[in-house]
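Notes follow the structure.
The values are calculated or read from the model by the stated rules, or taken from the named source; none is laboratory data. These numbers were taken from a predicted model, which means no experiment stands behind them. Here the Cβ positions follow ideal geometry from the backbone for every residue, glycine too, while neighbour counts run over all protein chains shown. Heads up: the accessible areas ignore ligands, DNA and RNA and are worked out on the full protein's heavy atoms, side chains in. Shrake-Rupley method; radii C 1.70, N 1.55, O 1.52, S 1.80 Å.
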Amino acid sequence: MEQSLVLVKPDGVQRGLIGEVISRLERRGLRLVAAKFSQVSQELAETHYAIHQGKPFYEGLIKYITSAPVMAMVWEGPNAVAAIRQTMGATRPTEAAPGSLRHDFALEVGRNLTHASDTVENGGKEVALWFKPQELVSWGRDADKWIFEK
Ligand code: IDP
Ligand code: MG
């Protein structure tokens, strides 16, 4: 089953939007696999955002993600990566589709509330970076057969 890391970043936590993010992913039909509320270390932040190293916004991004606790989660489902990115909306809130989280709750790219894995491959890598295998819960819901075709 396709999996994505989802972070409610410090601005989302401070603004009381953890529940809003979870609620939108739940009602989309995605299945929660793991969750932990934690303060991100400098080391984890740098590994997670290694791809952005050297970009003009990199230092600010590391400062932002380590500034206060985040809610880290793993969600799964068919097409989970694309579906979650769509629910989050485009990186720049003013380009995010109406109805998406970033459209509905954000104004600036540097305070855009959430992180979600951008490819299936990165989903696997990010889940392994943020969670130990034993922290992932493999389970089924009675409603799965009404949400997942197979
Ligand atoms: P994503 O979070 O939608 O995958 P990425 O391009 O991977 O977007 O960038 C990672 C994060 O870096 C963004 O979510 C945003 O918080 C921050 N970021 C990206 N571009 C800028 C920028 O131009 N200025 C400030 N922050 C940025
Ligand atoms: Mg990204």
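With a probe of 1.4 Å, find how much accessible area segment 6-82 has per residue, and write the answer as a whole number in Å².
On a per-residue basis, 48 Å².
By the gyration tensor of its Cα atoms, with a ≥ b ≥ c the square roots of the eigenvalues, what is the shape of segment 18-150: rounded for a/c under 1.5, prolate for a/b over b/c, or oblate?
Oblate, because a/c is 1.5 or more while a/b does not exceed b/c.
Would you kindly derive the ³J(HN,Hα) couplings of segment 43-52 from the backbone phi angles with the Karplus curve 6.51 cos²θ - 1.76 cosθ + 1.60 (θ = phi - 60°), listing them in order in whole Hz, with x for Gly and Pro?
5, 5, 4, 5, 5, 4, 9, 3, 4, 9
Along the principal axes of its C-alpha atoms, what lengths does segment 105-150 span, in descending order and rounded to whole Å?
Sorted from largest, the Cα extents of segment 105-150 read 39, 27, 18 Å.
Can you give me the % of accessible surface on the chain that is carbon or sulfur? Probe 1.4 Å, all protein chains present, nothing else counted.
Accessible surface attributable to carbon and sulfur in the chain totals 53 percent.
So between V109 and Y58, what do we pick up on full extension, going 0.36 nm a residue minus the alpha carbon distance?
17.1 nm
With 22 Å as the limit, write out which pairs from K36/K125; K9/K145; K125/K145 have Cα-Cα distances beyond it, or answer none.
Flagged as over cut-off: K9/K145; K125/K145.
Considering amide H positions built from the backbone, and no H for Pro or chain starts, which residues 5 or more places from T114, or on another chain, come under 5 Å of its amide H?
Close amide H contacts, sequence-distant or interchain: K9.
Spin-label point model (7 Å from Cα, Cβ direction): what's the T119 to A90 distance in nm?
Going from the T119 label point to the A90 one covers 2.2 nm.
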